[in-house]
Each structure stands twice: as C-alpha cells, then as structure tokens.
Amino acid sequence: MATTADQLMAPGLTTPPTQSVLATMAATTAAGTNGDTSTKERQQEQQVDQNNKSTSPKPNAMPSLKIAKMMPNNSNKEKRVYKIVLTGGPCGGKTTGQSRLCTFFENLGWKVFRVPETATVLLSGGVKFSDLTEKEAYKFQENLIRTMVQIENTYFELGVSSTRNCLIICDRGVMDASAYISKDKWEKMMAANKWNPVEMRDNRYNQILHLVSAANGAEDFYSTEDHACRSEGVDLARELDYKSAAAWVGHPYFDVIDNSTNFEAKMNRMIESVCQKLGIDIGDRLQATSRKLKYLVAVLPPDSEFPPFQDFDVVHHYLQSAGPKVQARLRKRGQKNHWSYIHTQRRPNVHGQARIEVKTQLTHRDYMNLLAQRDDAHFTIYKKRRCFLINNQYFQLDIYKEPGHPRCKGLVLLETYSSLTGDALKNCMPKFLNIVKEVTGDPDYSMFNLSLKEDWSTTKKFCRTATHDKGATNGISKTPLVLNGQ
C-alpha cells in the first residue's frame, strides 16, 4: 500500500543552482571571498567526489536523481519548487491535509500539484495483495516503486517549468514501501536496483510530514468506511503507522504531527511546519506551537539501548559573514560515501518574529565553490548524527568527534521539535538517555560558539544572543531535566 524509489530524479531537476542564487549567497554570507581554502581540503573533497562516483552506480535505464534547490533564499527572486511527502498510518488525515495545504498555499499565490498515491491507483485496478504469491508480491512492490518515481517526476518537471513558486505534495513517498516488505527483501531489492537511501530518502524530497494515525491517540475517530482500499483494524493500523514513520528516520527534515491536539489544530500544526521550513512568515494566521529544543546528554549509551536508528557522518564549515547577526554555514551529511550538501543562513529576528533559517541544497561543485568563503576563525565541526523515533517523537543525537576544539570533546547534544510542555514533554523523552539539562538557546551550546578557535573569554566573535528563537523556551524550565531517577 505504500512504496519506495531509487536514486532517480526528474531530468528537469538535475540543473544546479543558478549563478544568481550563488551570487546572492556570496553577497549575503561573506564580506569578501577568501581564496585560501587549503589544497588538502580540496583534495579531500575531490576524493570524496571520486568515491561517490565509483560507489554509486546508476540504475539501469534510469536518470540519476538530484534536487536543484531545497530552500532558496527568500531575499532573491528565484522561483521556489518545494517537494513534500505526506505519510502516516491509516486514517491520519493525509487527504484532508493535502486539501488544507493546497488551499493555504494557493491563497499565497503558489501553484500546487498533488501527486496521487500510486499504491491506491494500482490496487483499485483489481489487484488484491493478499492473493499474490511471494514472487508476485515482490515484483509488484518493485514495479510500484518504479511507477511512483515516474509519476512523481512528471509533477516535478511541471514544477520546474511553472512560472510561479510551486508546492508539490506527494501522497506517500518512495521510502514508504519498506513498511510493507521484510527487511531482507527490501535490502535485496535495493541492491538489485542499485538504489541507496541517501538519494531515495534525503535528496529526493525537501520535507517529510508523518501524520500519526487516529488509531494511535485518537482511537474514537478511527474509521475505514470512507476509503475503498482501507481495511486495517486498530492494532494493525498502529503497527503500519510505526513502520511508515520508521521508513523515513534519517531524513533531515522529518516532522511527526501527532494527535496531542484536536484535528483542526493538527492540520494547523502541519501547515505551520511547512511554513517554518520555507521561512514564510505566517503572522497570526496560525498559532505557533512547535519549537526546537536542545538537551545536554551525559554519556552515549550502548547501541543496544536505542530503538532502530540511522547514523550519519556530518561535517560543518562556517562561512565569512558581515557580523554575528547573519550566520552562514555549509553542511555535508552522508552514509557510506553517499552525500547531500546544504547551505544554511540564519537571519536575525525581524519585528519580533522568530529567527529564520534558510536552507538551500547544493551540488558537490557548488559546495566546493562556497568552501572558498570558509571562515578561518572557526574550526570545522565533525559529528556523528544519530536519528531515531520514540513515543511518536523524532530525535537527532549529535555526537561531536575530533578534530575540534577541546571544549567539544565528549560533547553529546539531543535535539527535537515539539509543541509539548511540562510532564507531557518529559514523558515522551528517551528514558535510556541520561539528560543533564535543557540547553535550548544557551550560547555555550551554540555550534557557532563551540566552533570558535579563540578562547571565549577573549574573542570578540562570541555570540551572546542565542541563535535560536528567544521565545523557543517559553514555558520550558531551564533547570536540569531528570529522567529515570537520574
């Protein structure tokens, strides 16, 4: 009923960011171009590029998948094409969510395309999955993925050719198929088709929105009556809901929209999440609820204590800027020599609104070009990032690695986005982690400050204004958060 895809990308999306996009980034992130990026750094990056080419064979008869722009800078006039996936278990609100997003963004002047769920299209043609043999079911899922990719690519190309900003809403995405097939068969299918999860999961879509099934937290509203292809009971619906969420663990912009509020508020939280990632000022049209939270973790527990997780190698470079009010950095994130590249710009608060992060996905070439603007006042930050899902909450655990400043040695920070407060928030936190305290907005745990080469007591670059929204901690205690009796 759900599906997945390979590293295919629409041919129309293989174009790298335009020179005007790069020029805008250069103008807003650097006072001047520093051309002294070390030869060693360039050789290392070029070696990574060669490794990618040698270890990422292309699927037969299918184009390679790339995304040109994830979150272009709002200050330029470049058109935006933003691709999201609505996923989740049965009766989670995906159909209504599509409609609400469509209305909201059309009212903003955007063009909106809605990609139909491929599984529903195929199953409504007389296919009964339970009647298929094991071999037929495997082949059906494989062809379902390929069909989904081609359908999505059709809409992606329309988005590129549109003269307006374009939102493309996918009813489930290519990683969803793994929820309906065993792990062994999934890995066999990926290997046979030369697919890799970084392209399938991280680079193909800009944002994943998991709408939790009503079977998990809103059981009184769970129903299968209005869906011709839906027959799951509550217990099975819960299981499928968890599996569909687990399929997307590891995506850098994965938001879980749970049933902690009424349905109307749930839909508003979904729209708010997309607007936040796009950097769109929603004013008072929607009540801002979710905020970024950060916690200091005492020590990394054994892997066996974690739920299923995905680990990534992450490298951050800070770039030159006109001052601390505007911060810019590059991020390289990957698994097994498959990489994605992101440019992030943090803008100051304007008229009391939350601080905005604008993110742009880059090609490797653009990433290498922007490295020339690296700020030598900062160390390069190396991390292992562990992503996992627990209690319907998505977490990222950053484990700092050497080389780096001694202040970062052994540092482990936990991050999540949540609208919960008090005991409700405490109860959803991972009990197996020894959380020392909350450090949301604490400049001592800002990556910008942690990466500074100079001593904090003497440097003029230390940013004493928290880089997160000051309002992010409203209602949150700054005293140590005690879990598990610790």
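Can you find a residue that is out of contact with any Ser or Thr (no Cβ under 7 Å at 6 or more places or on another chain) and of a type in the set (Val, Ile, Thr) anywhere in the stretch 182-201? It would help to see each step written out before you state the result.
First, pick out the residues of the stretch 182-201 that are out of contact with any Ser or Thr (no Cβ under 7 Å at 6 or more places or on another chain): 182-185, 187-195, 197, 199, 201.
Checking which are of a type in the set (Val, Ile, Thr) leaves us with none.
The answer is no, given that none of the residues of the stretch 182-201 is out of contact with any Ser or Thr (no Cβ under 7 Å at 6 or more places or on another chain) and of a type in the set (Val, Ile, Thr).
Going by the conditions given, is Asn337 open to solvent by 40 Å² or more (accessible area, probe 1.4 Å) and modelled with pLDDT of 80 or more?
Working: open to solvent by 40 Å² or more (accessible area, probe 1.4 Å): yes; modelled with pLDDT of 80 or more: yes.
Against the criterion (open to solvent by 40 Å² or more (accessible area, probe 1.4 Å) and modelled with pLDDT of 80 or more), Asn337 qualifies.
Is there a residue in the stretch 343-358 that is at pLDDT 85 or above and open to solvent by less than 50 Å² (accessible area, probe 1.4 Å)? So that I can check it myself, show each step before the final result.
Of all residues in the stretch 343-358, those at pLDDT 85 or above come to 343-344.
Narrowing further to those that are open to solvent by less than 50 Å² (accessible area, probe 1.4 Å): 343-344.
The answer is yes; a qualifying residue exists.
Give me a count of the residues in the stretch 203-240 that are part of a helix (DSSP H, G or I) and at pLDDT 90 or above.
1
For the structure I just gave you, tell me whether Arg464 is in the same structural domain as Ile342 (by the TED database) and of a type outside the set (S, T, N, Q).
No.
Of Val149, Val127, Val174, Val198, which residue is touching a residue at least 12 places away in the same chain (Cβ under 8 Å), in contact with a helix residue (DSSP H, G or I) (Cβ under 6 Å, 6 or more places away or on another chain) and of a type in the set (A, V, I, L, M, F, W, C)? Quick ask: steps written out before the conclusion?
Values: Val149 fails: in contact with a helix residue (DSSP H, G or I) (Cβ under 6 Å, 6 or more places away or on another chain); Val127 fails: in contact with a helix residue (DSSP H, G or I) (Cβ under 6 Å, 6 or more places away or on another chain); Val198 fails: in contact with a helix residue (DSSP H, G or I) (Cβ under 6 Å, 6 or more places away or on another chain).
Matching residue, one of Val149, Val127, Val174, Val198: Val174.
Listed here are the residues, each with its yes/no results for (1) outside any loop (DSSP other than H, G, I, E, B); (2) modelled with pLDDT under 90; (3) more than 20 Å from Lys359 (Cα to Cα).
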site: Cys275; (1), (2), (3): yes, no, no
site: Gln287; (1), (2), (3): no, yes, yes
site: Lys292; (1), (2), (3): yes, yes, no
site: Leu296; (1), (2), (3): yes, no, yes
site: Pro301; (1), (2), (3): no, no, yes
site: Asp313; (1), (2), (3): yes, no, no
site: Tyr318; (1), (2), (3): yes, no, no
site: Arg331; (1), (2), (3): yes, no, no
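What do you reckon, is Leu108 assigned by the TED database to the domain that holds Asp255, within 17 Å of Gln276 (Cα to Cα) and modelled with pLDDT under 85?
Details: assigned by the TED database to the domain that holds Asp255: yes; within 17 Å of Gln276 (Cα to Cα): yes; modelled with pLDDT under 85: yes.
For Leu108, the condition - assigned by the TED database to the domain that holds Asp255, within 17 Å of Gln276 (Cα to Cα) and modelled with pLDDT under 85 - is met.
So, in the stretch 424-461, how many residues would count as being in contact with a helix residue (DSSP H, G or I) (Cβ under 6 Å, 6 or more places away or on another chain) and open to solvent by 10 Å² or more (accessible area, probe 1.4 Å)?
Residues that pass the stated criteria total 3.
Among the residues of the stretch 164-187, are any outside any helix (DSSP H, G or I) and surrounded by fewer than 16 Cβ atoms within 10 Å (Cβ to Cβ)?
yes
Look at Lys139 and say whether it is open to solvent by 70 Å² or more (accessible area, probe 1.4 Å) and either over 19 Å from Arg204 (Cβ atoms) or not basic (Lys, Arg) (or both). Please lay out each step first, then the result.
Working: open to solvent by 70 Å² or more (accessible area, probe 1.4 Å): yes; either over 19 Å from Arg204 (Cβ atoms) or not basic (Lys, Arg) (or both): yes.
For Lys139, the condition - open to solvent by 70 Å² or more (accessible area, probe 1.4 Å) and either over 19 Å from Arg204 (Cβ atoms) or not basic (Lys, Arg) (or both) - is met.
Just need a number here: residues in the stretch 462-479 that are within 21 Å of Ile381 (Cα to Cα), at pLDDT below 55 and open to solvent by 90 Å² or more (accessible area, probe 1.4 Å).
Qualifying residue count for the region: 0.
Leu420 passes all but one of (1) among the aliphatic types (A, V, I, L, M); (2) at pLDDT 85 or above; (3) within 30 Å of Pro302 (Cβ to Cβ); (4) crowded, with 18+ Cβ neighbours inside 10 Å; which number fails?
(2)
The values are calculated or read from the model by the stated rules, or taken from the named source; none is laboratory data. Since the model is a prediction, treat every value here as computed from it, not as a measurement. Here Cβ is always computed from backbone atoms with ideal geometry, including for glycine, and neighbour counts include all displayed protein chains. What goes into the accessible areas is simple: the full protein's heavy atoms, side chains included, and nothing from ligands, DNA or RNA. Shrake-Rupley method; radii C 1.70, N 1.55, O 1.52, S 1.80 Å.
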